[in-house]
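Shown next, in C-alpha coordinates, is the structure this report addresses.
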Amino acid sequence: MVETTYGIKKATLRLLARDLLTVRHENAVFDVSHPAFGPNTYVNNLTEMQNSYFHSQELPNISFREPTTSESISVATYYPKTAKIEILDPGWLQLGRIVKTSEGVYANPPKGEKGDVLFDESVLNTLRNKAKKVNGIYLGDNDFGFAPRESFTQGNQKFGIFVEQGLARLLEHTRGNAKNMGKMSEFYPKGVNVFGFDGVDEPVVRFASLYSGRGLGGDWLGVDGLWYGNDVGCVFGVLVAGEASVPKKI
(Lines give C-alpha, C1' and ligand atoms only; values in the text may rest on other atoms or scores of the structure.)
Protein backbone atom coordinates (compact mmCIF):
# COMPACT_ATOMS: atom_id res chain seq x y z
CA MET A 1 0.00 0.00 0.00
CA VAL A 2 1.27 3.46 -0.96
CA GLU A 3 1.41 5.81 2.01
CA THR A 4 -0.59 9.01 1.49
CA THR A 5 1.14 12.28 2.26
CA TYR A 6 -1.16 15.01 3.48
CA GLY A 7 -0.71 18.75 3.20
CA ILE A 8 0.28 21.23 0.50
CA LYS A 9 2.22 19.93 -2.47
CA LYS A 10 4.53 22.68 -3.70
CA ALA A 11 4.40 23.43 -7.42
CA THR A 12 7.57 23.34 -9.45
CA LEU A 13 8.20 25.46 -12.49
CA ARG A 14 10.69 24.21 -15.02
CA LEU A 15 11.25 26.44 -18.01
CA LEU A 16 13.80 26.14 -20.75
CA ALA A 17 16.73 28.51 -20.28
CA ARG A 18 17.28 31.24 -22.84
CA ASP A 19 20.26 33.58 -23.12
CA LEU A 20 19.89 37.25 -23.98
CA LEU A 21 21.94 39.49 -26.23
CA THR A 22 21.96 43.22 -25.50
CA VAL A 23 22.22 45.28 -28.68
CA ARG A 24 22.36 48.96 -29.46
CA HIS A 25 19.37 50.10 -31.49
CA GLU A 26 19.19 53.74 -32.61
CA ASN A 27 19.73 55.78 -29.43
CA ALA A 28 18.80 52.94 -27.04
CA VAL A 29 19.68 49.35 -26.18
CA PHE A 30 17.39 46.34 -26.15
CA ASP A 31 17.60 42.60 -25.46
CA VAL A 32 16.95 39.79 -27.93
CA SER A 33 17.02 36.01 -27.80
CA HIS A 34 20.40 34.37 -28.23
CA PRO A 35 20.77 32.34 -30.28
CA ALA A 36 18.08 33.24 -32.81
CA PHE A 37 14.96 31.11 -33.06
CA GLY A 38 15.02 28.56 -35.86
CA PRO A 39 15.76 27.48 -38.43
CA ASN A 40 12.06 26.98 -38.93
CA THR A 41 9.08 28.54 -40.68
CA TYR A 42 8.23 32.04 -39.51
CA VAL A 43 4.97 30.89 -37.94
CA ASN A 44 6.73 28.16 -35.97
CA ASN A 45 9.50 30.56 -34.93
CA LEU A 46 6.86 33.04 -33.78
CA THR A 47 5.06 30.34 -31.78
CA GLU A 48 8.31 29.28 -30.14
CA MET A 49 9.32 32.79 -29.14
CA GLN A 50 5.96 33.33 -27.43
CA ASN A 51 6.61 30.42 -25.05
CA SER A 52 7.87 31.06 -21.51
CA TYR A 53 11.61 30.85 -20.77
CA PHE A 54 13.92 31.23 -17.81
CA HIS A 55 16.86 33.61 -17.94
CA SER A 56 17.85 34.53 -14.37
CA GLN A 57 16.48 35.24 -10.90
CA GLU A 58 15.80 38.78 -12.10
CA LEU A 59 14.05 37.50 -15.23
CA PRO A 60 12.61 34.10 -14.28
CA ASN A 61 9.74 34.04 -16.77
CA ILE A 62 10.25 35.74 -20.12
CA SER A 63 8.92 35.54 -23.65
CA PHE A 64 9.67 37.27 -26.93
CA ARG A 65 7.92 39.14 -29.72
CA GLU A 66 8.67 39.32 -33.39
CA PRO A 67 11.10 42.08 -34.37
CA THR A 68 10.70 44.87 -36.87
CA THR A 69 13.01 44.89 -39.87
CA SER A 70 15.03 47.69 -38.29
CA GLU A 71 15.49 45.76 -35.04
CA SER A 72 16.59 42.63 -36.92
CA ILE A 73 19.17 44.64 -38.85
CA SER A 74 20.55 46.14 -35.63
CA VAL A 75 21.12 42.62 -34.25
CA ALA A 76 22.63 41.23 -37.46
CA THR A 77 25.06 44.12 -37.77
CA TYR A 78 26.02 43.98 -34.10
CA TYR A 79 28.16 40.94 -34.92
CA PRO A 80 28.11 40.67 -38.73
CA LYS A 81 30.82 38.02 -39.06
CA THR A 82 29.07 35.65 -36.66
CA ALA A 83 25.68 36.31 -38.28
CA LYS A 84 27.20 35.51 -41.68
CA ILE A 85 28.78 32.24 -40.57
CA GLU A 86 25.98 30.97 -38.35
CA ILE A 87 22.85 32.20 -40.17
CA LEU A 88 23.32 33.89 -43.55
CA ASP A 89 25.73 31.42 -45.17
CA PRO A 90 23.73 28.26 -44.38
CA GLY A 91 20.26 29.84 -44.51
CA TRP A 92 18.13 32.96 -44.14
CA LEU A 93 17.64 35.65 -41.51
CA GLN A 94 13.99 36.65 -41.38
CA LEU A 95 14.05 40.44 -40.99
CA GLY A 96 10.33 41.13 -40.76
CA ARG A 97 7.11 41.59 -42.67
CA ILE A 98 6.66 43.66 -45.80
CA VAL A 99 3.79 44.34 -48.18
CA LYS A 100 4.53 44.65 -51.89
CA THR A 101 2.21 46.74 -54.07
CA SER A 102 2.26 48.10 -57.60
CA GLU A 103 3.69 51.39 -56.27
CA GLY A 104 6.44 50.09 -54.01
CA VAL A 105 7.17 48.33 -50.72
CA TYR A 106 5.73 48.84 -47.22
CA ALA A 107 7.74 47.66 -44.22
CA ASN A 108 6.37 46.62 -40.82
CA PRO A 109 2.69 46.94 -41.73
CA PRO A 110 0.12 47.24 -38.90
CA LYS A 111 -1.83 44.28 -37.58
CA GLY A 112 -5.49 43.74 -36.84
CA GLU A 113 -7.05 42.60 -33.57
CA LYS A 114 -6.32 38.95 -34.37
CA GLY A 115 -2.69 39.63 -35.18
CA ASP A 116 -3.17 39.36 -38.93
CA VAL A 117 -1.28 41.81 -41.16
CA LEU A 118 -3.41 44.60 -42.63
CA PHE A 119 -2.49 44.76 -46.29
CA ASP A 120 -5.51 46.61 -47.64
CA GLU A 121 -3.98 49.27 -49.87
CA SER A 122 -6.37 52.00 -48.75
CA VAL A 123 -5.37 51.42 -45.10
CA LEU A 124 -1.68 51.44 -45.99
CA ASN A 125 -2.05 54.56 -48.12
CA THR A 126 -3.76 56.37 -45.24
CA LEU A 127 -0.87 55.51 -42.94
CA ARG A 128 1.61 56.53 -45.61
CA ASN A 129 -0.07 59.93 -45.95
CA LYS A 130 0.29 60.44 -42.20
CA ALA A 131 3.97 59.48 -42.27
CA LYS A 132 6.84 61.87 -42.89
CA LYS A 133 8.44 61.93 -46.32
CA VAL A 134 12.21 61.99 -45.96
CA ASN A 135 14.58 61.89 -48.94
CA GLY A 136 12.11 60.05 -51.16
CA ILE A 137 10.68 57.52 -48.68
CA TYR A 138 7.99 57.66 -45.99
CA LEU A 139 8.73 56.93 -42.32
CA GLY A 140 5.95 56.49 -39.76
CA ASP A 141 5.46 55.16 -36.24
CA ASN A 142 6.52 51.71 -35.02
CA ASP A 143 9.03 51.35 -37.88
CA PHE A 144 6.22 51.53 -40.45
CA GLY A 145 7.35 52.98 -43.77
CA PHE A 146 7.05 52.98 -47.54
CA ALA A 147 9.63 53.06 -50.32
CA PRO A 148 8.33 53.91 -53.83
CA ARG A 149 9.67 51.70 -56.60
CA GLU A 150 11.60 54.59 -58.14
CA SER A 151 13.54 55.09 -54.89
CA PHE A 152 15.61 51.90 -55.26
CA THR A 153 17.09 49.53 -57.82
CA GLN A 154 17.35 45.76 -57.86
CA GLY A 155 20.14 43.45 -58.97
CA ASN A 156 23.84 43.44 -58.12
CA GLN A 157 25.16 46.71 -56.71
CA LYS A 158 27.87 48.15 -54.51
CA PHE A 159 27.18 48.74 -50.83
CA GLY A 160 27.71 52.49 -51.29
CA ILE A 161 24.81 52.61 -53.73
CA PHE A 162 22.54 50.25 -51.81
CA VAL A 163 22.71 52.06 -48.45
CA GLU A 164 21.77 55.39 -50.07
CA GLN A 165 18.65 54.04 -51.76
CA GLY A 166 15.10 53.77 -50.51
CA LEU A 167 14.86 50.05 -49.82
CA ALA A 168 17.83 49.87 -47.43
CA ARG A 169 16.70 53.02 -45.66
CA LEU A 170 13.14 51.70 -45.42
CA LEU A 171 14.21 48.37 -43.88
CA GLU A 172 16.52 50.17 -41.46
CA HIS A 173 13.92 52.93 -40.89
CA THR A 174 16.42 55.72 -41.19
CA ARG A 175 16.33 59.26 -42.55
CA GLY A 176 19.89 59.12 -43.87
CA ASN A 177 22.05 56.35 -45.28
CA ALA A 178 21.49 52.84 -43.94
CA LYS A 179 24.65 52.86 -41.83
CA ASN A 180 23.98 49.57 -40.05
CA MET A 181 23.64 47.71 -43.34
CA GLY A 182 26.82 49.42 -44.46
CA LYS A 183 28.71 47.80 -41.57
CA MET A 184 28.30 44.44 -43.33
CA SER A 185 30.25 45.52 -46.42
CA GLU A 186 33.56 44.23 -45.02
CA PHE A 187 32.27 40.67 -45.19
CA TYR A 188 30.69 40.87 -48.65
CA PRO A 189 33.39 42.15 -51.04
CA LYS A 190 31.23 41.80 -54.16
CA GLY A 191 28.40 43.92 -52.78
CA VAL A 192 24.64 43.43 -52.52
CA ASN A 193 22.20 41.42 -54.60
CA VAL A 194 18.65 42.84 -54.31
CA PHE A 195 15.76 40.88 -55.74
CA GLY A 196 12.11 39.96 -55.21
CA PHE A 197 10.82 43.50 -54.65
CA ASP A 198 9.03 43.85 -58.00
CA GLY A 199 5.68 45.56 -58.23
CA VAL A 200 2.57 43.37 -58.07
CA ASP A 201 -0.98 43.86 -59.30
CA GLU A 202 -2.53 43.17 -55.88
CA PRO A 203 -0.89 43.80 -52.47
CA VAL A 204 0.83 40.71 -51.04
CA VAL A 205 2.41 40.07 -47.64
CA ARG A 206 5.96 38.76 -47.74
CA PHE A 207 9.03 38.69 -45.49
CA ALA A 208 12.24 40.57 -46.14
CA SER A 209 15.26 38.36 -45.51
CA LEU A 210 19.05 38.38 -45.72
CA TYR A 211 21.33 35.58 -46.82
CA SER A 212 24.73 35.02 -48.38
CA GLY A 213 24.77 31.35 -49.43
CA ARG A 214 22.37 29.54 -51.75
CA GLY A 215 24.23 30.31 -54.97
CA LEU A 216 25.69 33.67 -53.95
CA GLY A 217 28.90 31.99 -52.82
CA GLY A 218 29.12 33.97 -49.60
CA ASP A 219 30.66 37.04 -51.27
CA TRP A 220 27.34 38.79 -51.90
CA LEU A 221 24.77 39.90 -49.36
CA GLY A 222 21.38 38.81 -50.65
CA VAL A 223 18.39 41.03 -49.81
CA ASP A 224 15.32 39.00 -50.66
CA GLY A 225 11.69 40.13 -50.92
CA LEU A 226 10.27 36.85 -52.26
CA TRP A 227 10.27 35.05 -48.94
CA TYR A 228 7.06 33.21 -48.00
CA GLY A 229 6.07 32.37 -44.44
CA ASN A 230 6.45 28.63 -45.08
CA ASP A 231 10.15 28.92 -45.95
CA VAL A 232 12.70 28.02 -43.29
CA GLY A 233 14.94 30.60 -41.61
CA CYS A 234 16.00 32.18 -38.32
CA VAL A 235 14.67 35.22 -36.48
CA PHE A 236 15.73 37.11 -33.35
CA GLY A 237 12.92 37.55 -30.82
CA VAL A 238 12.76 40.81 -28.86
CA LEU A 239 12.49 40.37 -25.08
CA VAL A 240 9.08 40.92 -23.50
CA ALA A 241 9.31 41.05 -19.70
CA GLY A 242 7.55 44.07 -18.28
CA GLU A 243 9.95 46.97 -18.09
CA ALA A 244 12.69 44.86 -19.65
CA SER A 245 10.91 45.07 -23.03
CA VAL A 246 11.25 48.86 -23.10
CA PRO A 247 14.44 50.03 -24.87
CA LYS A 248 16.84 51.59 -22.40
CA LYS A 249 18.12 55.03 -23.45
CA ILE A 250 21.87 55.49 -23.62
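The values are calculated or read from the model by the stated rules, or taken from the named source; none is laboratory data. Keep in mind the model is a prediction, meaning the values are calculated, not measured. In this analysis, Cβ positions are derived from the backbone assuming ideal geometry, glycine residues included, and neighbour counts consider all displayed protein chains.
Tabulated values for the structure
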read-out	value
Among (1) in a strand (DSSP E or B); (2) surrounded by fewer than 15 Cβ atoms within 10 Å (Cβ to Cβ) - the single one Ala147 does not satisfy	(2)
Top-ranked residue of the range 17-40 - restricted to ones that are under 14 Å from Ser56 (Cα atoms) and more than 16 Å from the chain's Cα centre (by Cα), ranked as surrounded by the fewest Cβ atoms within 10 Å (Cβ to Cβ)	Ala17
Residue that is modelled with the lowest pLDDT [pool: residues in the range 203-246 that are among the hydrophobic types (A, V, I, L, M, F, W, C) and part of a loop (DSSP other than H, G, I, E, B)]	Val246
Hey, Tyr138 free of Cβ contacts under 8 Å to residues at least 12 places away in the same chain and either under 13 Å from Val99 (Cα atoms) or of a type outside the set (D, E, K, R) (or both) or not	yes
Single residue of Gln154, Gln165 found to be crowded, with 18+ Cβ neighbours inside 10 Å, touching a strand residue (DSSP E or B) at 6+ places or on another chain (Cβ under 9 Å), farther than 27 Å from Arg65 by Cα and not charged (D, E, K, R)	Gln165
Residue that is farthest from Tyr228 (Cα to Cα), among those in the range 47-106 that are acidic (Asp, Glu) and either without any contact (Cβ under 8 Å) to a residue 40 or more places away in the chain or out of contact with any Lys or Arg (no Cβ under 7 Å at 6 or more places or on another chain) (or both)	Glu58
The lone exception for Glu48 - which of (1) over 28 Å from Asn27 (Cα atoms); (2) at pLDDT below 95; (3) touching a strand residue (DSSP E or B) at 6+ places or on another chain (Cβ under 9 Å) it fails	(2)
Residues located in the range 107-128, provided they are free of Cβ contacts under 8 Å to residues at least 24 places away in the same chain and closer than 22 Å to Ser151 by Cα	Ser122, Val123, Asn125, Thr126, Leu127, Arg128
Residue tally, condition under 9 Å from the mean Cα position of the chain (by Cα) and not charged (D, E, K, R), over the range 76-107	4
